[in-house]
Structures are given as structure tokens and as C-alpha cells.
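A short write-up of the structure that comes next.
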Amino acid sequence: MATWRDVMLPGGKHPWHFFSQEPDIPALLLANRSGAPERRRELAAGLLAEPAMIPPKYFYDAQGCALYQAICQLDEYYPVRCEAALFQQFRGAIATHIPRRAQWVDLGCGDGGKSWPWLAVVGASRYVGVDIAEEWLQMALRDGRRRFPGVECIGVVTDFTQPLDLRTVKATSRKHPPVFFYPGSSIGNFSPVDTLHFLQSVQQHLGEQGQLLISVDGLHDPALLQQAYDDALGVTAAFNRNILRVVNRELEADFRPERFRHQASFNTDESRVELSLVAQETHTVSFDGQQRRFEAGESIITEYSYKYSRAGFAALLEVAGFGHIRHWQDEAGAYHVFLASRRQLS
Ligand SMILES: C[S@@+](CC[C@H](N)C(=O)[O-])C[C@H]1O[C@@H](n2cnc3c(N)ncnc32)[C@H](O)[C@@H]1O
């Protein structure tokens, strides 16, 4: 069982706030996660911007997490099936390149479900779930401990839009190199510039033997993308509009989700799917002592999902300092998995 001592740094100092010392709850650390005042400032600034925007990290309250899981069951949402098939087919081959007894660091772990088939195959010594959604992370850790009693399970609550700070991984990386696992093609939610910064900060945590195993969604027919992000059952629409409930709570705002329509469109020039909420009628929303008038037809941007060619993403990895880049793809060549380590200085 992980305790706060397990994750304390050499020298007895610990820069993070630790919470939850109940014996049946695995250790959770808070690292670089904004408090309520910063979240309010960020949300208010986004709502007053032109165009208005709400960062996608606010999707994941309990209802948002449940709706995301429902999206993963949809016929239209091809990335889940492509990724599952790729992992199923190539798990053994990929695992041969991963050091035994590694620390398995699950970035944006959600319920952790995509990690479980890997832990036994790679003989991981530790599971580190990393996510902004605390409750989901707690569930993942409990599930991990139940399935793998011999594997230490700890969690880090953090916000990837802040500099990545996973010192607990670094502190023991000589003995047990980290494998950063970033599935779900979630990397596509960063802009290309932020993607580069994020990859660079992961690269700085790798040490000599660490690896990054990452899924990346490729280039598709816009009609397929349209269906995937605007499904017939309206689950993605509910996921998108739920963000307004989160804003209402965080910001004491008075959004009425039914006044906004879900919209998904593909921006060819930027190679990204754009999710937005479009006001159905002109009205004014109040939040945090401020107001914003939305004209009928005006949008709030909630998420971008960038799509990459194999060469395009490999180039980003190289610029971020990765080398030994291995690649697997589905039959259509439109969903990618990369395994990469730090480029050795010659
Ligand atoms: C699309 S879900 C993927 C979940 C799971 N890894 C999978 O592939 O099914 C994205 C995950 O990233 C987390 N997340 C989103 N934005 C984040 C941020 N800024 N910092 C940390 N985690 C974030 C969410 O809470 C969620 O668990």
C-alpha cells in the first residue's frame, strides 16, 4: 500500500500537498493544479474572449467522465476501436522494447482501464495514474490495487496545461525507468505548439531508459470525423453541453445548456475537429459578477482535436528531443501508436 512516505523525496522534503490518509485509499498527490480562484479567473477570461472559449479540461466532472465513457461505446467513435485493435495486435511486439519493472505512468488515465492489459505484460513495478479529475483517479487507483496487489499504485492530480511536474517518478527513475502511456489520442487536444511543450516536458522526465508510448489520431475523411464527433444518439452533444453545468458550478454562472446547440466541424486548414456550443437565441449570461451577451448563432469553442500524419507527429517527437521512434498503425494507416525514448546526445 502506498503511503505518504513512499512518495516523499530524498531529503525528506515534499513539495506537493498530500491528501487522503485513509488506509484503503491509495496515495494522491496534488501537483501544479490550479485552485478555485485561478479556475474562476481562467473561465471568466475565456468567456469574455472573442470568440468565447471554455478549456476542455472542464469537461471532466463526474457526469462528464460518465458521458466520455458512453462516447467510447458509440459505433461512430472509431478512435477507441482503432486503438484497441492496434494494442491487441501489437502489445507483445511493443512490450519487447519496454524495460521490465518499469513505472507505468498513465497520463490522463481516466478509469485506468487501458493500462490494465499492459501492466502484467510489461511486469510493471508501479502504476502512477495522472489526471485532473480527482474522483476518477481515485477509482482508477482502487481498481488498479484490486487487480494488481503486488504493484504499488499512486496518483497525481495535475493539470497538463501547467508545466509537468512528476518528481515522484523522477526520484526513482534510475532503478525503475518510467514508461509514459498517453492513450486515447488525447494529445490532439493540445495546439501543436502546446503539444511540443508537453512532449518536451515528458522527455525531460524520461531519464536514460524511459519511454513514451502514445496514441495519435491520423487524417480521416471529414464525413467520418463528422459522425464521430456528432453521433446519432446525441451523446457527444450531451458531453459538450455538460461543460456549461461545470461552469455554472465553478463560476456561479447561469448558463442554460438547452439554449446552446452542439456543433462539430472539421477545419481542413488547421487539420482539427472543432467542438463548439452555438447560442440558439440572443441572450445574456451572468457569471462571477460579470455578464456576456451571446448573439444568436455565436459560438463558444470547447475543444480542438488535432489530427496528424505519421510524418507530422514523428517530426514533433524529434523536435521535442525524442529518438528511437518506433511506429505502428492500423490497416488504413489512419491511427498511430508511437514508442520513443530520449535521443542520446552524441
Ligand atoms: C479523453 S479522456 C481519456 C481517458 C483514458 N486515458 C482513455 O484513453 O480512455 C481524457 C482524460 O484526460 C484528463 N484530462 C483532460 N484534460 C486534462 C488536463 N489539462 N490535465 C490533466 N488531465 C486532463 C481527463 O480527466 C480524462 O481522464
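Every number here is computed from the coordinates shown, using simple stated rules; none is lab data. Please read these numbers as outputs of a predicted model, since none were measured by experiment. Positions of Cβ are backbone-derived with ideal geometry, glycine not excepted, and every protein chain shown enters the neighbour counts.
Report, for the chain, the % of DSSP beta bridges that are antiparallel, rounded to 5.
Numbers: 36 of 61 bridges.
Taking every DSSP beta bridge within the chain, about 60 percent pair in antiparallel fashion.
Against the longest principal axis of the chain, how steep is helix 36-48, in degrees 0 to 90 to the nearest 10, with axes from Cα atoms?
Once rounded, one gets 50 degrees.
Over the Cα atoms of the range 184-257, what is the Rg over Rh ratio if Rh follows Kirkwood? Walk me through the numbers on the way to the answer.
On the way: Rg = 17.5 Å, Rh = 15.7 Å.
Over the Cα atoms of the range 184-257, Rg/Rh equals 1.12.
Hey, got the Cα dimensions of the range 236-346 along the principal axes, in Å, largest first?
Sorted largest first, the three principal extents are 59, 31, 22 Å.
Could you tell me how far the Cα centroid of the range 225-262 sits from the Cα centroid of the range 103-156, in Å?
That distance is 29 Å.
First obtain the Kirkwood hydrodynamic radius of the range 104-165 from its Cα pairs, then insert it into the Stokes-Einstein equation at 10 °C and 1.306 mPa s, and state the resulting D in µm² per second as a whole number. Please list the in-between numbers first.
Details: Rh = 11.5 Å.
The estimated diffusion coefficient comes to 139 µm²/s.
Report, in cubic angstrom per residue, the convex hull volume of the C-alpha atoms of the range 290-346.
Hull volume over Cα atoms, normalised by residue count, gives 154 Å³.
When averaged across all projection directions, what area in nm² does the alpha-carbon convex hull of the chain cover? Each step should come with its number before you reach the end.
Numbers: hull surface 71.6 nm².
Taking a quarter of the hull surface, the average projection is 17.9 nm².
With a cut-off of 8 Å between alpha carbons and a minimum separation of six or more residues, what is the relative contact order of the chain in percent?
Details: 668 pairs, mean separation 67.2, N = 346.
Here the relative contact order equals 19 percent.
For D159, what charge total do you get from the other residues with a beta carbon under 12 Å from its beta carbon, if Lys and Arg give +1 and Asp and Glu give -1? Please list the in-between numbers first.
Values: positive: R33, R39, K57; negative: E38, E42, D131, E134, D165.
Around D159, the surrounding residues sum to -2.
What is the Rg over Rh value, at two decimals, for the range 27-184, using alpha-carbon atoms and the Kirkwood definition of Rh?
Checking Rg against Rh, the ratio lands at 1.00.
Could you pull out every one of the aspartates and glutamates with an alpha carbon less than 15 Å from that of K175, ignoring same-chain neighbours closer than 8 positions?
Answer for K175, where 15 Å is the Cα cut-off: D6, E152, E208, listed by chain and number.
State the Cα centre-to-centre distance between the range 42-87 and the range 301-324 in whole Å.
What the calculation gives is 19 Å, centre to centre.
If the elastic network links every pair of Cα atoms under 10 Å, which of A45, A332, A238 fluctuates the most in the Gaussian network model of the chain?
A332
If packing is taken as the mean number of other Cβ atoms within 10 Å per residue, what is the order of 319-327, 133-141, highest first? Each step should come with its number before you reach the end.
Values: 319-327: 15.9, 133-141: 20.4.
My ranking of the peptides, most packed first, is 133-141, 319-327.
Which loop-located trypsin sites (Lys or Arg not before Pro) does the range 164-245 contain, where loop means any DSSP state but H, G, I, E or B and the Cβ has at most 16 other Cβ atoms within 10 Å? Please list the in-between numbers first.
Details: sites: R167, K170, R174, K175, R241, R245; in loops: R174, K175.
Of the trypsin sites (Lys or Arg not before Pro), the ones in loops of the range 164-245 whose Cβ has at most 16 other Cβ atoms within 10 Å are R174, K175.
Can you tell me the orientation of helix 62-72 relative to the chain, as the angle in degrees between its alpha-carbon axis and the longest Cα principal axis, to the nearest 10?
For helix 62-72, the angle is close to 80 degrees.
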